[in-house]
Amino acid sequence: MDEVGAVVECRQCPWYKNCVMPMQIGTSEMGQFRSMMQGGIFGDPSNPEMERVLEGVAAMGQNMMVQTCPVFTERLKSDPRLAERIKLFMQKWGQEEDETKERES
């Protein structure tokens, strides 16, 4: 019954079949970040040097974070085995392909 409930919940989710995607940081998000920084510890955000720092932080954020649907997030939190399987899958990504190429040569 839990499995059926999970399938129904997943199919009703607005993220259906698009559970994970890279975080998108666009110009509007950068503008919001800049306005939050005005008068803060970083000083004047219109400073060209500060602009480069903000762009670097945004690029790092895009490479390190993903947006996930609430169903996927809850499943990862509630089942450590699922998270471990995904981690192992990612660690082995491409290894089979590399091994096949080595055997062929």
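How long is the gain from Ser78 to Met90 if the chain were fully straight, where each residue apart is worth 0.36 nm and the alpha carbon distance is subtracted?
On the way: separation 12, 0.36 × 12 = 4.32 nm, distance 1.98 nm.
Here the segment from Ser78 to Met90 would lengthen by 2.3 nm.
Give me the lysines in straight-line cross-link reach of Lys77: C-alpha distance below 26 Å, same-chain residues under 8 apart excluded.
Cα-Cα hits under 26 Å: Lys17, Lys87, Lys92.
From the phi angles alone, apply the Karplus equation (6.51, -1.76, 1.60; θ = phi - 60°) to region 5-14 and give each ³J(HN,Hα) in whole Hz, x where the residue is Gly or Pro.
x, 5, 5, 4, 4, 5, 5, 8, 5, x
For region 52-105, what is the accessible area per residue in Å² when the probe is 1.4 Å? Could you put the intermediate results ahead of the total?
Details: 4740 Å² over 54 residues.
That works out to 88 Å² for each residue.
Order the following by accessible area, largest value first: Glu102, Glu29. Probe radius 1.4 Å; ligands, DNA and RNA are ignored. Display every interim value, and only then the final one.
Numbers: Glu102 135, Glu29 75 Å².
Ranked list, largest accessible area first: Glu102, Glu29.
The values are calculated or read from the model by the stated rules, or taken from the named source; none is laboratory data. Since the structure is predicted, the reported quantities are computational estimates derived from the model, not experimental observations. The protein model used for the area step is the full one, side chains on, heavy atoms only, and it has no ligands, DNA or RNA in it. Shrake-Rupley method; radii C 1.70, N 1.55, O 1.52, S 1.80 Å.
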